[in-house]
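Structure, as structure tokens:
The values are calculated or read from the model by the stated rules, or taken from the named source; none is laboratory data. None of these values were measured; they are calculated from a predicted model. Reconstructed Cβ throughout: ideal geometry from the backbone, glycine too, with neighbour counts over all protein chains shown.
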């Protein structure tokens, strides 16, 4: 990295003061003595005033460009609608700010490529908010794969089923603002951790579908219908020779699980199988020939990164691991190293997601390429 490291706490600005920031990022900043919430930005002035009180921050603006230029800010976290990610990220990189951005990084791979190149050129830390990489069961699953405990990986399988209302998603239900629906919002996470577990995906075939028109807002007002998917699925072939199957939907009735829904990610190897589930992120399922899958507690060393200030015994397990995302971002800035997952990881997942849409349009397999 070419940017100098801050002398004191990393001064972080949140751009987009909605639920994701409140749920993931602000608690992560509060836990970390190496970081400070220095500024916030949102287009909604009412929300901005409320967050000033709730988050205890004075520097607040509706102008993202001016915040990116603020000399009292070292790093920005972008939690705005998808169509705004690219211009904000380019502005932040131009002003030398370290960058974390929610997924998907952009509306398509071309936008994400621009963001990645700008961050590289500026020499700033860049990170994609692929939260689930930090789930203890996922960290342990990666260890089992890499250590050879499961033998040669053969299959990856992912299900993400949510039981969400069929009312409006706001900007998220329009292609020109969101890029896609479930595919970009949920399945893209699972594409990322499949690559992290088994390596590059070489080719895919996929499909998307839309079932809910979403012509009514939560408060009963009419709105234009959705034109993005609420179901997505794909088959993939990894460079390693392994195969993968992914399916996601927001319309799986009965899959509530206290709001966390059904999450299942499985690796079948030549010696055994292992399963990660979001609703029990501190436990994994393991099985071998002649034995059923059975629950195994995640070992202590995988419950959190070694230096994370988080106490794994506190809070809801399916919530608190998300705070380690901020720990990694701040650590990368302080240590002058790349963050994991980076914008390149976001680009790799985006290229596959784009290929799914193309596969569905053209009704054929798509090679991902280099």
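If we keep just the residues of region 240-255 that are at negative phi and more than 20 Å from the chain's Cα centre (by Cα), which is surrounded by the fewest Cβ atoms within 10 Å (Cβ to Cβ)? Break it down stepwise before answering.
We begin by selecting, within region 240-255, every residue at negative phi; these are 240, 242-253, 255.
With more than 20 Å from the chain's Cα centre (by Cα) added as a condition, the list becomes 240, 242-243, 251-253, 255.
Working: 240: 14, 242: 21, 243: 16, 251: 17, 252: 18, 253: 7, 255: 18.
My answer is 253.
Suppose we filter 81, 27 for residues that are under 21 Å from residue 112 (Cα atoms) and either touching a helix residue (DSSP H, G or I) at 6+ places or on another chain (Cβ under 6 Å) or in contact (Cβ under 8 Å) with a residue 24 or more places away in the chain (or both); which single one remains?
Values: 27 fails: under 21 Å from residue 112 (Cα atoms).
One residue alone meets the criteria, 81.
Has region 2-24 got any residue that is crowded, with 16+ Cβ neighbours inside 10 Å, more than 30 Å from residue 314 (Cβ to Cβ) and touching a helix residue (DSSP H, G or I) at 6+ places or on another chain (Cβ under 8 Å)?
So far as region 2-24 goes, yes, one or more of its residues are crowded, with 16+ Cβ neighbours inside 10 Å, more than 30 Å from residue 314 (Cβ to Cβ) and touching a helix residue (DSSP H, G or I) at 6+ places or on another chain (Cβ under 8 Å).
Please pick out the residue among 107, 37, 67, 48 that is over 20 Å from the mean Cα position of the chain (by Cα) and not in a helix (DSSP H, G or I).
On the way: 107 fails: over 20 Å from the mean Cα position of the chain (by Cα); 67 fails: not in a helix (DSSP H, G or I); 48 fails: not in a helix (DSSP H, G or I).
Matching residue, one of 107, 37, 67, 48: 37.
Please count how many residues of region 333-356 are out of contact with any helix residue (DSSP H, G or I) (no Cβ under 7 Å at 6 or more places or on another chain) and either within 17 Å of residue 105 (Cβ to Cβ) or assigned by TED's automatic domain parsing to the domain that holds residue 99 (or both). Let's see the steps before the verdict.
So the first thing to find is which residues in region 333-356 are out of contact with any helix residue (DSSP H, G or I) (no Cβ under 7 Å at 6 or more places or on another chain), and the list is 333-337, 342, 355.
Applying the additional criterion that residues be either within 17 Å of residue 105 (Cβ to Cβ) or assigned by TED's automatic domain parsing to the domain that holds residue 99 (or both) yields 342, 355.
The total comes to 2.
In region 211-229, what residues are in a strand (DSSP E or B) and without any contact (Cβ under 8 Å) to a residue 12 or more places away in the chain? Break it down stepwise before answering.
Step one: of region 211-229, the residues in a strand (DSSP E or B) are 216, 222.
Answer for region 211-229, where residues must be in a strand (DSSP E or B) and without any contact (Cβ under 8 Å) to a residue 12 or more places away in the chain: just 222.
Condition check: part of a strand (DSSP E or B), in contact (Cβ under 8 Å) with a residue 24 or more places away in the chain and either closer than 26 Å to residue 316 by Cα or assigned by TED's automatic domain parsing to the domain that holds residue 252 (or both). Does residue 208 satisfy that? Reasoning before the result, please.
On the way: part of a strand (DSSP E or B): yes; in contact (Cβ under 8 Å) with a residue 24 or more places away in the chain: yes; either closer than 26 Å to residue 316 by Cα or assigned by TED's automatic domain parsing to the domain that holds residue 252 (or both): yes.
Yes; evaluated as a whole, the condition is true for this residue.
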